[in-house]
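Inspection log for the structure reproduced underneath, given as structure tokens.
The values are calculated or read from the model by the stated rules, or taken from the named source; none is laboratory data. Only a predicted model underlies this, so the values are computations on that prediction, with no experimental measurement involved. Backbone-built Cβ (ideal geometry, glycine too); neighbour counts: all protein chains shown.
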Amino acid sequence: MPYVHDTMLRLQKSSPAQTEFYQAAEEVLESIRPLLDKDKHYREHGIVERLVEPERQIMFRVVWQDDQGRVQVNKGYRIQFNSALGPYKGGLRFHPSVNAGIIKFLGFEQIFKNSLTGLAIGGGKGGSDFNPKGRSDAEIMRFCQAFMSELYRHIGDTIDVPAGDIGVGAREIGYLYGQYKRLTGSYEGVLTGKGLKWGGSLARKEATGYGAVYFAQNMLEERGDSLNGKVCLVSGAGNVAIYTIEKLYELGALPVTCSDSQGTLYHAKGIDLALLKELKEVRRSSLEVYLEAHPDAVYTPVSAYPADGHAVWRYSAQAAFPSATQNELTDADAKVLLENGVYCISEGANMPSTAQAVDRFIDARICYGPGKAANAGGVATSQLEMAQNASMTQWTFEEVDHRLKDIMAGIFQRSISTAREFDQPDNLVLGANIAGFRKVADAMIEQGLV
């Protein structure tokens with residue numbers, strides 16, 4: 001379609017050298033072709049051209065001092081992509097890989113993910129190339145305070161409500177919120193992922209992982225199947241992976257892998273969840289230490305990975321949960337996954353599968369839940385935290401988990417009903433993208449040229 005092609009060419013000129021952003025935009029635009037062909041008014045209102053350009057891009061210098069008294073300089077970002085449905089909502093990522101293209105890809109995905117939840121939240125994302133690994137609590141506090149000293153000007157509980165992401169957990173959110181409160185004198189729900197003692201929500205830490213599992217369960221139940229008894233591959237070892245593993249065990253599945261930046265762990269008897277939590281949430285150790293307690297497990301360092309992919313995907317299983325980072329699952333990985341018996345994939349990370357891998361999954365007509373649908377549990381529960389803050393209440397873990405389960409079922413139903421509407425019932429990429437796009441696009445048209 002020349003329309004999509006021309007839009008991508010303009011995007012590459014206006015946002016040069018932002019590969020991940022192009023990948024995310026092209027995937028969405030290609031999958032909504034049937035809608036654009038059917039409903040010409042979206043083109044007449046310039047919706048696609050407006051959607052791919054953020055409403056606001058904020059870039060700033062972050063100057064802070066390390067424990068040796070040396071001045072350090074990092075770059076900070078906040079991309080406020082679309083507010084048609086509500087205040088901007090999306091996480092902050094602190095990681096050396098962060099740049100404008102990464103943040104834009106994440107923010108663009110967030111528009112449709114947030115739309116699919118059915119909640120009143122727009123799309124945004126932010127972060128910095130700061131690396132919290134190996135830094136003291138004092139250094140992280142000083143960095144967070146410096147970062148918030150600029151960001152506070154652009155956010156608010158009805159304007160933009162950031163959350164955590166990679167490298168930004170409860171500790172970082174605490175330091176960021178403390179600085180926001182100091183600068184504004186306002187105690188409001190401007191950040192989510194807060195501590196339970198001061199406005200946080202129960203089940204927020206677990207939400208993305210739990211949600212990805214709930215989405216997988218919905219996909220399987222639609223086909224008369226379940227997760228009970230399934231061997232599952234999980235990548236990552238952060239909150240998403242840990243709580244994916246936890247919920248898989250609750251539903252009777254057997255998760256046998258996890259991974260971190262240094263290597264992959266495989267334990268045929270099932271991952272020892274208590275030990276994994278201790279290593280990653282308390283000791284912050286490498287997964288290789290796991291072998292001290294479980295010598296029957298197999299650890300594969302990154303240096304021994306296959307040249308065309310990732311060791312975590314090279315084991316026999318029935319279900320897979322990519323929960324680490326973007327493009328971690330290659331076309332070669334996808335081929336091996338299918339050959340090894342995997343027929344259900346639910347993405348806990350953002351865009352973890354390459355475009356070629358996604359095409360392979362769709363062609364195979366397996367249960368494939370794309371990240372913008374399957375991992376929306378985190379942002380959904382963030383919005384539930386906002387609702388609790390607004391009413392000055394705190395719900396029980398069970399109430400939040402129940403609402404999360406219902407939200408994930410709603411996302412699945414919106415995605416599959418839209419896929420069926422366009423005669424592609426096995427293509428939840430198309431279903432999720434069109435359902436998310438259509439709601440945002442209709443709101444934009446009704447609000448005029450803003």
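Quick notes on this one:
- Reported count of residues in region 282-312, each being in contact with an Asp or Glu (Cβ under 8 Å, 6 or more places away or on another chain) and among the aromatic types (Phe, Trp, Tyr), is 2.
- Residue ID - modelled with the lowest pLDDT, chosen from residues in region 303-329 that are of a type in the set (Ser, Thr, Tyr) and in contact with a Pro (Cβ under 9 Å, 6 or more places away or on another chain): THR325
- Of all residues making up region 228-248, the number that are within 24 Å of GLU281 (Cβ to Cβ) and in contact with a strand residue (DSSP E or B) (Cβ under 7 Å, 6 or more places away or on another chain): 10
- Considering region 203-232, the residues that are of a type in the set (A, V, I, L, M) and outside any helix (DSSP H, G or I) include one that is nearest to ASN375 (Cα to Cα), namely ALA203.
- Restricting region 91-113 to residues that are out of contact with any Gly (no Cβ under 6 Å at 6 or more places or on another chain) and closer than 17 Å to LYS439 by Cα leaves a set whose member that is surrounded by the fewest Cβ atoms within 10 Å (Cβ to Cβ) is PHE108.
- Among all residues of region 135-152, there is at least one that is part of a loop (DSSP other than H, G, I, E, B), modelled with pLDDT of 95 or more and closer than 17 Å to VAL73 by Cα.
- Boolean, ILE416 is β-branched (Val, Ile, Thr) and either at pLDDT below 95 or buried (at least 24 other Cβ atoms within 10 Å of the Cβ) (or both): no
- From the list GLN68, GLN72, GLN57, GLN12, the lone residue that is in a helix (DSSP H, G or I), polar (S, T, N, Q) and surrounded by fewer than 18 Cβ atoms within 10 Å (Cβ to Cβ) is GLN12.
- The residue that is surrounded by the fewest Cβ atoms within 10 Å (Cβ to Cβ), counting only those in region 261-302 that are among the acidic types (Asp, Glu), under 25 Å from the mean Cα position of the chain (by Cα) and at pLDDT 95 or above, is GLU278.
- Considering the conditions (1) surrounded by fewer than 21 Cβ atoms within 10 Å (Cβ to Cβ); (2) of a type outside the set (D, E, K, R); (3) touching a helix residue (DSSP H, G or I) at 6+ places or on another chain (Cβ under 7 Å), THR393 is excluded by exactly one of them, (3).
- Subset of region 222-246 that is among the hydroxyl-bearing types (Ser, Thr, Tyr) and in contact (Cβ under 8 Å) with a residue 40 or more places away in the chain - its residue that is surrounded by the fewest Cβ atoms within 10 Å (Cβ to Cβ): SER235
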